[in-house]
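Comments concern the structure below.
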Amino acid sequence: MNWQRARRPEQKAERIAAILDAAAELFDDNEFDAISMRDVADHAGLGKASLYHYFKTKEEVFLTLYREELGRWLESVTMGLGRLRKPTPKRVAEVLTSALMRHERFCRLEVLFASVLERNLSQEFLIEYKRSLVGPVEAFAATIQSVTPHFSSEDAKAFAFQHHALVAGLWPIAHPSPQVESVLQAFEFQGFRTEFAPLLIRTFVNLLSPID
C-alpha cells in the first residue's frame with residue numbers, strides 16, 4: 001500500500017494503526033532482533049523516512065504495540081473473571097492462564113518489555129509511556145481484588161507485578177529456542193522441560209490463596 005501524506009488526525013491514526021499491524025505481523029513470524037525499521041516500513045507500505053515521523057526507534061514501535069496488546073489481554077481477563085460466579089484461587093488462576101494462552105503475542109512482548117524494549121528511548125517518550133500504563137495496571141489490580149476479597153489494594157497491585165514477572169520469566173523457559181529444544185529431547189534433560197500453563201496455574205493459585 002502506498003500512502004499519501006497524512007494531514008488530518010484521523011489519517012495519522014490510520015497510519016499509526018497500519019504501522020502497528022505491520023509490526024505485529026512481522027513479530028508473529030520473527031524474533032525482535034531480526035526485525036528492522038526498514039522491514040516495518042516496507043510491510044506497512046511506507047517510506048522509512050515516513051516511519052520515523054511517527055516512531056523514532058524500533059523500541060518505540062514495539063512498546064506501542066505492547067500497550068495495544070496489553071489492552072486486548074486486559075479486556076479478555078476482565079470478561080473472563082467477570083463470568084465467575086464463585087471465584088476461587090484455582091478458578092481465577094485458570095482464567096488468567098487461559099487469557100494468556102489466547103494472547104501469545106502479548107506474552108512474547110512481556111518477555112522483552114523491561115530488558116529490551118525499555119531501551120533506546122527519549123526521556124519524553126518514556127515519561128508519557130509510563131503514564132499511559134498507570135490506568136491498565138490499576139484496572140488489572142482492581143479486577144484481581146474484586147475476585148480475591150482477602151486481598152488489600154496493595155496485595156492486588158503486588159500481584160499485578162508478580163503476574164508480569166512470572167510470564168516474562170516462564171515463557172522463554174517453556175518455549176526454548178529450536179537448538180535448546182533439540183537438546184532437551186534427550187532423556188537425561190527431561191527435568192529441564194516444563195509446560196507453561198500447568199506451572200503458571202499452580203503458581204497463581206499459591207499467590208492468590210489466603211495466607212493461614
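The values are calculated or read from the model by the stated rules, or taken from the named source; none is laboratory data. None of the values given here were measured: they were computed from a predicted structure. Cβ coordinates were reconstructed from backbone atoms using ideal geometry, including for glycine residues, and neighbour counts include every protein chain displayed. Accessible surface is based on the protein model in full, side chains and every heavy atom, while ligands, DNA and RNA are left aside. Shrake-Rupley method; radii C 1.70, N 1.55, O 1.52, S 1.80 Å.
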Evaluation of residue 40 against (1) surrounded by 18 or more Cβ atoms within 10 Å (Cβ to Cβ); (2) touching a Pro at 6+ places or on another chain (Cβ under 8 Å) (one fails), failing number: (2)
Going through (1) open to solvent by 60 Å² or more (accessible area, probe 1.4 Å); (2) hydrophobic (A, V, I, L, M, F, W, C); (3) under 13 Å from residue 105 (Cβ atoms) one by one, residue 34 fails only at (3)
With the requirement that a residue be more than 17 Å from residue 26 (Cβ to Cβ) and among the β-branched types (Val, Ile, Thr), what does segment 91-115 give you? 92, 95, 97
Working carefully through the options 131, 108, 119, find the one that is assigned to a loop (DSSP other than H, G, I, E, B), under 19 Å from the mean Cα position of the chain (by Cα) and either modelled with pLDDT of 95 or more or not aromatic (Phe, Trp, Tyr) (or both). 119
Identify the residue in segment 117-127 that is without any contact (Cβ under 8 Å) to a residue 12 or more places away in the chain and open to solvent by less than 100 Å² (accessible area, probe 1.4 Å) and, among all such residues, is farthest from residue 36 (Cα to Cα). 127
Might you check whether a residue that is surrounded by fewer than 13 Cβ atoms within 10 Å (Cβ to Cβ) and either over 17 Å from the mean Cα position of the chain (by Cα) or within 22 Å of residue 145 (Cα to Cα) (or both) occurs anywhere in segment 49-59? yes
Residue check: is residue 179 exposed (fewer than 14 other Cβ atoms within 10 Å of the Cβ) and either assigned to a helix (DSSP H, G or I) or in contact with a Gly (Cβ under 6 Å, 6 or more places away or on another chain) (or both)? yes
Would you check if residue 78 is closer than 18 Å to residue 167 by Cβ, in contact (Cβ under 8 Å) with a residue 60 or more places away in the chain, part of a helix (DSSP H, G or I) and open to solvent by less than 50 Å² (accessible area, probe 1.4 Å)? no
Kindly indicate whether any position in segment 82-89 is touching a residue at least 40 places away in the same chain (Cβ under 8 Å), out of contact with any helix residue (DSSP H, G or I) (no Cβ under 6 Å at 6 or more places or on another chain) and open to solvent by less than 60 Å² (accessible area, probe 1.4 Å). no
